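Q: One structure, as structure tokens, below. Some questions next.
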Amino acid sequence: MLCPPPPLSLYIHLPWCVRKCPYCDFNSHVAGTAALRARYLEALLVDLRGEAKRAAGRPLLSVFLGGGTPSLFPADEIARLLDAVRISFELVADAEVTLEANPGTVECGDPAGYREAGINRVSIGAQSFSDRSLSALGRIHAVGDIIGSVSAVQAAGFTNFNLDLMYGLPGQDVAAAVADIEPEPELRPAHISWYQLTLEPNTVFYARPPAGLPDNDLSAEIQQHGQALLLEHGYEQYEVSAYAADGQYCVHNLNYWSFGDYLGVGAGAHGKLSDALGIRRYAKPANPLQYMEFQERGQPLAEPMPLGESELFFEFMLNAVRLTAGFDEGVFSARTGLQPGYLRDRLQASIDKGLIAERQIGVWQPTELGQHFLNDLQAVFLPD
């Protein structure tokens, strides 16, 4: 086991949605009956007890309820789930507990009830402040729903909330993209996730791309103008698509990006664990019905598999180069068990291409070119 082991987070997957969006490649499914949701909740409670054994008393830095649309679960069910988390795990004193929600009367749920249940951070899937763009994305909410949801979250006492937004949308130019993110300083979220629409395999948009998508040059221009506007309004970019006001970073995601440990509960959830058997990964069955059946029959859900040196190196670098400040090679060694020399020997190709540089002794940072061509930088580290 790495000594000390890295911080530990918990992810809980709630896979139901009102409707599957045409661009979404997440493990999400159209919501079933209340009975199915109740059955799934029981399976989660069993899964939590199993994951508590993996934790072996290590405290949780953060808990993230993702989906799907977790806010389709009412507050009393979320409370029951979080009660089970608190019974099974120790949490650090200021643990971040996030719930993903979508705008709209049905999808926003009960912010006050969620806060009472123990949620202290909400992430709202706004996607756009343009009704035209929302329609093109297949979303079922409108701009008014976003504003109403944010108001409800603020009225419930949440000061730490995120808005998800996308750019590179069908028919979007620079002016439309900039106008799309201008309302946010008025709403003043603590955090903004602003990322480019990508056509992922196994999605409707991949099979039938929408007309009018911006080309690479226009998307880059949109990104440049949007980043400048967000900075002007006090949002620091600390990761390729994450912007925080007043240092209110997403603790849970930072743990992923810095190669911390995390436990996965729910259909398709992934985990990474550093213990006496090495650094290992596992994944739960993705199909919710199969996941529930496995739990009900007492079948093992996932067998953790050890990562080899090349896999450890790649997975660390895959995430670390997303951080605009880069990473310390001491953290690299502490999180992977590999020596700094192993890292340095494998960085030369990226240095030669001008994609990464040593900002100060032992601190490596993607260059401006590396941030712009992030996929190329990450590809350098692929295992042979």
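Q: Provide, for the chain, the number of lysine pairs with alpha carbons under 22 Å apart, each pair being eight or more places apart or on different chains.
A: For the chain, the number of qualifying lysine pairs is 4.
Q: Starting from 0.36 nm per residue, how many nanometres of slack lie between ASP83 and ARG37 once their C-alpha separation is accounted for?
A: 14.8 nm
Q: Can you tell me the relative contact order of the chain? Whole percent, Cα pairs under 8 Å, sequence separation 6 or more.
A: Once divided by the residue count of the chain, the mean separation gives 17 percent.
Q: In whole percent, what relative contact order does region 250-384 give with Cα contacts below 8 Å and a gap of six or more residues?
A: Here the relative contact order equals 19 percent.
Q: Which residues' amide hydrogens lie under 5 Å from the amide hydrogen of TYR235, considering only partners 5 or more residues apart or on another chain, with H built in the peptide plane?
A: Sorted by chain and number, the residues that satisfy this come to none at all.
Q: Something else about it: Using a Gaussian network for the chain with springs between C-alpha atoms less than 10 Å apart, which of these wobbles most: ALA126, ALA276, ALA179?
A: For the chain, modelled as a Gaussian network with Cα springs under 10 Å, the answer is ALA276.
Q: Dipole magnitude of the chain about its Cα centre, charges +1 at Lys/Arg Cβ and -1 at Asp/Glu Cβ only, in debye to the nearest 20?
A: Here the size comes out at about 1060 debye.
Q: For region 105-151, what is the Kirkwood hydrodynamic radius in Å, using each pair of distinct C-alpha atoms?
A: The answer is 11.6 Å.
Q: If r is the Cβ-Cβ distance from GLU90 to GLU232 and R0 is 30 Å, what FRET efficiency results, to the nearest 0.05?
A: The calculated FRET efficiency here is 0.10.
Q: For a bin width of 10 Å, list the pair-distance distribution of region 20-141 built from all Cα-Cα distances, rounded to whole %.
A: Over region 20-141, the share of Cα pairs per 10 Å bin runs 12, 40, 33, 13, 2 percent.
Q: In Å³ and rounded to a whole number, note down the convex hull volume per residue for the Cα atoms of region 8-255.
A: Taking the convex hull of the Cα positions in region 8-255, it is 124 Å³ per residue.
Q: Output the relative contact order of region 310-384, whole-number percent, from Cα pairs under 8 angstrom with separation of 6+ residues.
A: 37 percent
Q: Just the Cα atoms of region 181-231, one point each, no solvent: what log10 I(q)/I(0) does Debye give at q = 0.19, 0.21 Å⁻¹?
A: Evaluating at q = 0.19, 0.21 Å⁻¹ gives log10 I(q)/I(0) of -0.80, -0.88.
Q: Once each part is reduced to its C-alpha centroid, what is the distance from region 245-319 to region 1-71 in angstrom?
A: Region 245-319 and region 1-71 have Cα centres spaced 11 Å from each other.
Q: Remind me, what semi-axes does region 310-384 give for its equivalent ellipsoid, largest first in whole Å, using sqrt of 5 times each Cα gyration tensor eigenvalue?
A: Working through the eigenvalues yields semi-axes of 17, 14, 11 Å.
Q: Test of understanding: given the chain, find the longest segment containing no trypsin sites (Lys or Arg not before Pro) that are in a DSSP loop and have at most 15 other Cβ atoms within 10 Å.
A: After excluding every exposed loop site, the longest remaining stretch is 21-352.
Q: Would you tally the net charge around SER193, using a Cβ to Cβ cut-off of less than 10 Å, leaving SER193 out, and scoring K and R as +1, D and E as -1?
A: My count for the surroundings of SER193 gives -2.
Q: At 222 nm, what helix-only mean residue ellipticity would the chain give, in deg cm²/dmol to the nearest 500, using -39500 (n - 2.57) for each DSSP H run of four or more?
A: Counting only the DSSP helices, I get -12000 deg cm²/dmol.
Q: So how far apart, in nm, are the two label points at VAL30 and GLN154 if each is 7 Å from Cα heading toward Cβ?
A: About 3.6 nm separates the two model spin labels.
Q: Same structure, new question: Quick one: order GLU116, GLU96, GLU77 by neighbouring beta-carbon count within 10 Å, fewest to most.
A: Final ranking by Cβ density, sparse to dense: GLU116, GLU77, GLU96.
Q: Quick one: if you stick a label point 7 Å off each Cα along the C-beta vector at ALA211 and THR324, how many nm between them?
A: About 3.7 nm, to one decimal.
Q: Report the net charge of residues surrounding PHE26, where surrounding means a beta-carbon distance below 10 angstrom and charges are Lys +1, Arg +1, Asp -1, Glu -1.
A: Value of the local net charge: -1.
Q: What is the fewest-to-most order of THR198, THR367, THR69 by other Cβ atoms lying within 10 Å of their Cβ?
A: Ranking THR198, THR367, THR69 by Cβ neighbours within 10 Å, fewest first, gives THR198, THR367, THR69.
Q: DSSP beta bridges in the chain, what fraction antiparallel, as a percent rounded to 5?
A: Around 40 percent of the beta bridges assigned by DSSP in the chain are antiparallel ones.
Q: Listing MET317, MET292, MET305 from the residue with the fewest other Cβ atoms within 10 Å to the one with the most, what is the order?
A: Listed from fewest to most nearby Cβ atoms, that is MET305, MET292, MET317.
Q: Follow-up question, since we're still on this one. Is any helix in the chain, taking whole DSSP H runs, at least 15 angstrom long along its axis by alpha carbon and on average at least 1.0 on the Kyte-Doolittle scale, and which ones?
A: For the chain, where a helix must reach 15 Å along its axis and average at least 1.0, the hits are 143-155.
No lab work stands behind these numbers, since they all come straight from the coordinates. As the structure is a prediction and not an experimental result, all values here were calculated from the model. Neighbour counts run over all protein chains shown; Cβ positions are idealised from the backbone, glycine included.
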